[in-house]
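The values are calculated or read from the model by the stated rules, or taken from the named source; none is laboratory data. Not measured: the values here are computed from a predicted model. Positions of Cβ are generated from backbone atoms using ideal geometry, with glycine treated the same way; all protein chains shown enter the neighbour counts. Only protein heavy atoms, including side chains, enter the accessible area calculation; ligands, DNA and RNA are left aside. Shrake-Rupley method; radii C 1.70, N 1.55, O 1.52, S 1.80 Å.
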Amino acid sequence: MMRFDLHMHTSRHSHDSEMDPIAMLQRAQEVGLDGIVITEHEYWWPDEELQELRSMAPGLIVLAGIEVTAREGDVLCYGVREAKKLRKGMLWEDLCDEIHQQGGVAVAAHPFRWGQPFADIMQNEAIHLDGMEMMSKNMDPDLRQQAAEYAREHPEYAQLGNSDSHHESTMGCCHTLFDVQIRNIADLVQAIKDRKCRPVVGTPRG
């Protein structure tokens, strides 16, 4: 069993975040996470910067993803090779196709938020998501209930829990429990494809 927070933003590369990367690492270890995935808005962390963070927290798995502000709503992207091809304002259909061509997975971030007609979008468009967030600090009880109802009708999607943290105080408030070992981004992508995960409310160490 491994516990990951797969959605967060730092002050280094997201304009709306107050979370210093070093504080992020410290808090992730304090709350008992096994790994984190940094998902800045429209930005992919370079390998050299990730290695810098990993050297500061050798017991923590530190990976990168990206949150794309797409036409129909935000999408979390994991396992892509050319992040520059994932452009702000893309249609979900085109974005998901590009992610899959690069060998990655696409996860709907905070579905139904801000009145997003998530179910209608999924029904009426040729969209191939791999998963959806079931809970985060930005999803109130009503949004979580809507996501849960949709997921019951569509068990083909992986279900993730994330913090969507912009400050270290909320790290891990929701997270994802994986049934398999996650050592790198390839392991993460495969685990999401295989739906070897489930969302959890609360930090691992309470």
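Structure above, values below:
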| item | result |
| --- | --- |
| 5 angstrom amide H check on F112, placed H, neighbours 5+ away | F118 |
| Mean-position separation - Cα centroids, the range 1-56 and the range 107-177, in angstrom | 20 |
| Peptides 112-124, 19-31, 64-76 ordered by average Cβ neighbours within 10 Å, highest first | 64-76, 19-31, 112-124 |
| Value of D in µm² per second that Stokes-Einstein yields for the chain, Kirkwood Rh from Cα pairs, at 10 °C (1.306 mPa s) | 95 |
| K196, K84, ranked by accessible area, largest first (probe 1.4 Å) | K84, K196 |
| The range 103-206: Cα Rg divided by the 2.2 N^0.38 Å rule of thumb | 1.06 |
| Karplus-derived 3J(HN,Hα), 6.51/-1.76/1.60, for each residue of the range 122-130, Hz, glycine and proline x | 5, 6, 9, 10, 7, 10, 10, 6, 9 |
| Highest to lowest packing among 168-177, 183-192, scored as the average C-beta count within 10 Å | 168-177, 183-192 |
| Phi-based couplings in Hz for the range 148-155 (Karplus 6.51, -1.76, 1.60; Gly and Pro marked x) | 5, 5, 5, 5, 5, 7, 9, x |
| For the chain, share of DSSP beta bridges that run antiparallel, in % to the nearest 5 | 55 |
| Computed [θ] at 222 nm, helices only, for the chain once each DSSP H run of length n ≥ 4 contributes -39500 (n - 2.57) | -8500 deg cm²/dmol |
| Derived scalar couplings ³J(HN,Hα) [the range 44-56; Karplus, 6.51 cos²θ - 1.76 cosθ + 1.60; whole Hz; x for Gly, Pro] | 10, 5, x, 4, 5, 6, 5, 4, 4, 5, 4, 5, 8 |
| Neighbour net charge for V31 - beta-carbon separation under 13 angstrom, K R +1, D E -1 | -1 |
| Heavy-atom accessible surface of the chain: percent carbon and sulfur, 1.4 Å | 45 |
| Debye log10 I(q)/I(0) for the range 1-61, one point scatterer per Cα, at q = 0.19, 0.21, 0.26 Å⁻¹ | -0.67, -0.82, -1.24 |
| Rg to Rh quotient for the range 33-117, alpha carbon positions, Kirkwood Rh | 1.02 |
